[in-house]
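Visitor: Please find one structure pasted underneath; my questions will follow.
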Amino acid sequence: MPTNPDYGPPSGSAELRVYSENVGQSFVIPAADMQRSLDRMGIDTIRLLRAEGKQQAGLFFYRMGQWFGGRVVPSWGIAGVVVAPQARSSGAGLRLMRELLLEARGAGVALSSLYPATQPVYRKAGYEVAGSRTGYKLPVAAITLREKGAEVRPATDADRALYAKLYAERAKSNSGMLERDKALWGRLEGTPENPTYHYVIEEDGKPTGYFIFSQKRAVFPLADYTVMDHCTLTPVAARRMLAFFASHWSTGDNLVMFGAPLEPVLLHLAEQKAKVDTRWDWMLRIVDLQKALEARGYPDGATAKLEFAIEDDVLADNAGKWTLEVSSGKSQLIRGGKGRIKLHIRALAPLYSGALSPAALVRLGWLDAPEEDLGVLAAVFAGSSPWMMDFF
């Protein structure tokens, strides 16, 4: 728990209301929607920074995990970061983030991720761009698939546990996807004003996928469909999901879905009619260096000894010389070594996630290492391009 008396959860409904109003004003969020989000999160995940008893800044966080190398690494997802209008340009945002990181490290958290509204303050706190969320738009009329090799049925409440099982099966082979907590799964449930529709895909009675979407009127009688979450574990399931929306040709205008930078589901289409509609890059912060490097997975064939010299001017326990030994998909990080591989904790984030190669980091001026270590680094941190489905 926080030890700084000027930092911590709201002391009551009055502070909570001020924070809610600040978020709503800053991000143009209707009061009812903001209140629903905070109710879902719970007051224990909200943190405020005060000065002389007055609220300066606030945020909330998700207790989640993030998949790297086939293993889940404990993480906090940061959202709703806002500085009170009268306290902007005072440094309150950076002070808030530093307090949050100290708390997260004390709680045993290895990583932290967020979507930035602005990057400089988060870079000062040790975050760096480390993955993406890509949104695609596809005209419904352009989907020519008519897959009939699987059944689609409306999901029931009993299927919620099935979602998590199927999702984890997909996530473990990707880098950056979240292990969602209750609040993150709750974001997919929709609202009375904007309901979501849930379907399960089955092949010979066995679930092989699911998808969740919302719809919005375009030009009567057409609607746009937004797939908020999807998981298809077989080619038949992927084609069946697309065929489901193809069958809506008489009332469907566009299909919007989120996925990887090169989304495999869309490769089932005959033509390249799906275009990138949105892209948000998320940032990652190594909170506890030892836990982060030892918790993630590594390629089974990678065997290495890497000697790092890490700079971290926010979380001093991460700084210094470290030796990483990797073997059989696991690792051990111990103090000491020659410090051959020099980089700031911020630059470690895109290396850790696989977003940038060691050679790219050298070209950026973010990594200084002997030539012979670059290939070893690339092999150790090899993986798919990091992405996530969720926006928070």
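The values are calculated or read from the model by the stated rules, or taken from the named source; none is laboratory data. As the structure is a computational prediction, the values presented were derived from the model and not from experiment. Here the Cβ is made from the backbone with ideal geometry for all residues, glycine too, and neighbour counts use every protein chain on show.
Visitor: Restricting the search to region 122-158, which residues are under 18 Å from Tyr210 (Cβ atoms) and touching a Ser or Thr at 6+ places or on another chain (Cβ under 8 Å)?
Guide: Ala150 - this is the single residue of region 122-158 that is under 18 Å from Tyr210 (Cβ atoms) and touching a Ser or Thr at 6+ places or on another chain (Cβ under 8 Å).
Visitor: All but one of (1) buried (at least 19 other Cβ atoms within 10 Å of the Cβ); (2) in contact with a helix residue (DSSP H, G or I) (Cβ under 7 Å, 6 or more places away or on another chain); (3) farther than 30 Å from Ser357 by Cβ hold for Ser112, so report the exception by its number.
Guide: Here Ser112 clears every test but (3).
Visitor: Looking only at residues that are of a type in the set (Gly, Ala, Ser) and farther than 17 Å from Ala292 by Cβ in region 347-381, which one is nearest to the chain's Cα centre (by Cα)?
Guide: For region 347-381, the residue satisfying everything is Ser357.
Visitor: Taking region 124-142 as the region of interest, how many residues are buried (at least 23 other Cβ atoms within 10 Å of the Cβ) and of a type in the set (Phe, Trp, Tyr)?
Guide: So the count comes out to 1.
Visitor: Looking at (1) modelled with pLDDT of 95 or more; (2) closer than 17 Å to Ala117 by Cβ; (3) among the hydroxyl-bearing types (Ser, Thr, Tyr), which is the one condition that is false for Tyr19?
Guide: Every listed condition holds for Tyr19 apart from (1).
Visitor: Of all residues in region 201-227, which are surrounded by fewer than 20 Cβ atoms within 10 Å (Cβ to Cβ), among the hydrophobic types (A, V, I, L, M, F, W, C) and in contact (Cβ under 8 Å) with a residue 24 or more places away in the chain?
Guide: Result: Ile212, Ala218, Val219, Leu222, Ala223.
Visitor: Just one of (1) touching a residue at least 40 places away in the same chain (Cβ under 8 Å); (2) in the same structural domain as Arg36 (by TED's automatic domain parsing); (3) surrounded by 14 or more Cβ atoms within 10 Å (Cβ to Cβ) trips up Val121, so point out which.
Guide: Single failed check for Val121: (1).
Visitor: While we're looking at this one, here's another question. Considering every residue within region 169-191, establish whether at least one is loosely packed, with under 14 Cβ neighbours inside 10 Å, charged (D, E, K, R) and touching a residue at least 24 places away in the same chain (Cβ under 8 Å).
Guide: Within region 169-191, one or more residues are loosely packed, with under 14 Cβ neighbours inside 10 Å, charged (D, E, K, R) and touching a residue at least 24 places away in the same chain (Cβ under 8 Å).
Visitor: Being among the acidic types (Asp, Glu) and part of a loop (DSSP other than H, G, I, E, B) is the filter here; which residues of region 306-316 pass it?
Guide: Listed by number, the residues that qualify are Asp312, Asp313.
Visitor: To continue, here is another question. Which of the residues belonging to region 106-148 are among the β-branched types (Val, Ile, Thr) and in contact with a Gly (Cβ under 8 Å, 6 or more places away or on another chain)?
Guide: Residues satisfying the conditions are Val121, Thr134, Val140.
Visitor: Considering region 8-26 alone, what residues qualify as being farther than 14 Å from Ile43 by Cα and either outside the structural domain of Phe60 (by TED's automatic domain parsing) or without any contact (Cβ under 8 Å) to a residue 12 or more places away in the chain (or both)?
Guide: Answer for region 8-26, where residues must be farther than 14 Å from Ile43 by Cα and either outside the structural domain of Phe60 (by TED's automatic domain parsing) or without any contact (Cβ under 8 Å) to a residue 12 or more places away in the chain (or both): Glu21, Gly24.
Visitor: Right, next: When the residues of region 289-305 are filtered to those that are out of contact with any helix residue (DSSP H, G or I) (no Cβ under 6 Å at 6 or more places or on another chain) and outside any loop (DSSP other than H, G, I, E, B), which remaining residue is farthest from Val109 (Cα to Cα)?
Guide: Here the residue is Lys305.
Visitor: With Leu374, Leu351 as the choices, which residue is without any contact (Cβ under 8 Å) to a residue 40 or more places away in the chain, crowded, with 21+ Cβ neighbours inside 10 Å and not hydroxyl-bearing (Ser, Thr, Tyr)?
Guide: Only one candidate qualifies: Leu351.
Visitor: Now for a different question. Being under 22 Å from Gly354 (Cβ atoms) and in contact with a strand residue (DSSP E or B) (Cβ under 6 Å, 6 or more places away or on another chain) is the requirement here; does Ile78 meet it?
Guide: Judged against the criteria, Ile78 is a match.
Visitor: Which residues, counting only those in region 259-287, are within 27 Å of Arg123 (Cα to Cα) and surrounded by 23 or more Cβ atoms within 10 Å (Cβ to Cβ)?
Guide: Hits for region 259-287 are Trp282, Met283, Leu284, Arg285, Ile286, Val287.
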